[in-house]
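Worksheet: the structure to be examined is printed underneath.
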């Protein structure tokens, strides 16, 4: 199915309704950080409104969730698009900058990468939810929480604490434990992409080819696993010599890249590693593990070509829903990726703007509650 005309129709509809969207800037008190946030309202609707709290995914995300390419080009801003799209259909939203994030590409990196964890993000979401439930324009019986990717674990934990919520919406949910998720990304997306670009051997030139090849954000990020990070900070992009076990100046895919990935992942989950936020004790349980605590309707939105949370693992979550008797609606979209934007494959998933159908399905589901 060609998604482009549908997406264009959504954008045209948003423009046509632009005058009907109202915005209100507020500040959320996250303790040691004051987060800028924004309400988006249907401009022409009277009476109490259904409302959605948008909980962001990984990275130092601003409230719009701008996604940029390596060249600085803006690829998408899914939370702004969601807020505008829902507002044109009578639904209010609240979205906010993550802890230590002041705006697009404005982050206190030292604090974000050393002090933030998923427990902190859950506390922040509690603060944001209070703002939603206390808003006099909102119908307190029709408050929903929407979590994307990393935010799906935060949203599920929040929903488990708040049975008064009308429903939980999960986009690209985290189904597997974090380490298994990164392994699934590698085996499903990154390793096939690497082989398609460099064949059986990775060299310094191959690292550059990985970054400039025909792949999406997740596929191209495989280069970071095998680059020397110290050298990269000095502007030199070369393979990590510690993974070159035979010291021939290159990495053989079968004997050095594959085992090298496991070694890099081991290091990433240490207290000083890049994935320490997802290590046991700092991460929240997966959505699958939280299912028994969810006593409200759930909507799952999953791209068939999602590179970050591969669809092949979704059956694990569906089985958990069935076992727990959860009122779950699961939507899988062919030709869409992690942002629910167009993607020709998991390798091609490049975080493009959200398509029309998942937006409409979300609105229909909310209106039915």
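The values are calculated or read from the model by the stated rules, or taken from the named source; none is laboratory data. This structure is a prediction, so every number in the text was calculated from the model and none was measured. Please note: Cβ atoms are built from the backbone with ideal geometry, for glycine as well, and neighbour counts cover all protein chains shown.
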- Message: Based on this model, can you work out whether residue 184 counts as out of contact with any helix residue (DSSP H, G or I) (no Cβ under 7 Å at 6 or more places or on another chain), in contact (Cβ under 8 Å) with a residue 40 or more places away in the chain and within 30 Å of residue 297 (Cα to Cα)?
- Response: no
- Please verify whether the stretch 358-368 includes one or more residues that are loosely packed, with under 15 Cβ neighbours inside 10 Å, assigned to a loop (DSSP other than H, G, I, E, B) and in the same structural domain as residue 156 (by TED's automatic domain parsing). no
- Message: under 21 Å from residue 69 (Cβ atoms), crowded, with 18+ Cβ neighbours inside 10 Å and in contact with a strand residue (DSSP E or B) (Cβ under 7 Å, 6 or more places away or on another chain): is that true of residue 216 in this structure?
- Response: no
- Message: If I filter the stretch 18-30 for residues that are touching a strand residue (DSSP E or B) at 6+ places or on another chain (Cβ under 9 Å), assigned to a helix (DSSP H, G or I), at pLDDT 95 or above and over 26 Å from residue 224 (Cβ atoms), do I get at least one hit?
- Response: no
- Determine whether residue 291 is more than 18 Å from residue 57 (Cα to Cα), in a helix (DSSP H, G or I), modelled with pLDDT of 95 or more and touching a helix residue (DSSP H, G or I) at 6+ places or on another chain (Cβ under 7 Å). yes
- Message: Could you go through the stretch 124-143 and let me know if any residue there is buried (at least 18 other Cβ atoms within 10 Å of the Cβ) and out of contact with any strand residue (DSSP E or B) (no Cβ under 8 Å at 6 or more places or on another chain).
- Response: no
- Task: Would you mention how many residues in the stretch 153-169 are more than 10 Å from residue 54 (Cα to Cα) and touching a strand residue (DSSP E or B) at 6+ places or on another chain (Cβ under 6 Å)?
- Result: 7
- Message: Just checking: which of the helices (runs of 4 or more DSSP H) contained wholly in the stretch 143-241 hold 2 or more residues that are over 20 Å from residue 274 (Cβ atoms) and more than 15 Å from the chain's Cα centre (by Cα)?
- Response: 150-161, 191-198, 204-212
- Looking at the stretch 145-163, is at least one residue modelled with pLDDT under 95 and either in the same structural domain as residue 26 (by TED's automatic domain parsing) or closer than 30 Å to residue 228 by Cβ (or both)? yes
- Task: For the stretch 46-64, name all the residues that are farther than 16 Å from residue 170 by Cα and surrounded by 17 or more Cβ atoms within 10 Å (Cβ to Cβ).
- Result: 49, 50, 60, 61, 62, 63, 64
- For the stretch 294-314, the count of residues that are over 20 Å from residue 361 (Cβ atoms) and in a helix (DSSP H, G or I) equals 2
- Message: Among (1) assigned to a loop (DSSP other than H, G, I, E, B); (2) modelled with pLDDT under 95; (3) surrounded by 14 or more Cβ atoms within 10 Å (Cβ to Cβ), there is one condition residue 72 misses while meeting the rest; what is its number?
- Response: (3)
- Task: Among the residues of the stretch 319-346, write down those that are surrounded by 16 or more Cβ atoms within 10 Å (Cβ to Cβ) and assigned to a helix (DSSP H, G or I).
- Result: 320, 321
- Message: When you check residue 237 against the structure, is it in contact with a helix residue (DSSP H, G or I) (Cβ under 8 Å, 6 or more places away or on another chain), touching a residue at least 24 places away in the same chain (Cβ under 8 Å), within 30 Å of residue 335 (Cβ to Cβ) and not assigned by TED's automatic domain parsing to the domain that holds residue 144, yes or no?
- Response: no
- residue 92 without any contact (Cβ under 8 Å) to a residue 60 or more places away in the chain, surrounded by 15 or more Cβ atoms within 10 Å (Cβ to Cβ) and more than 18 Å from the chain's Cα centre (by Cα): yes
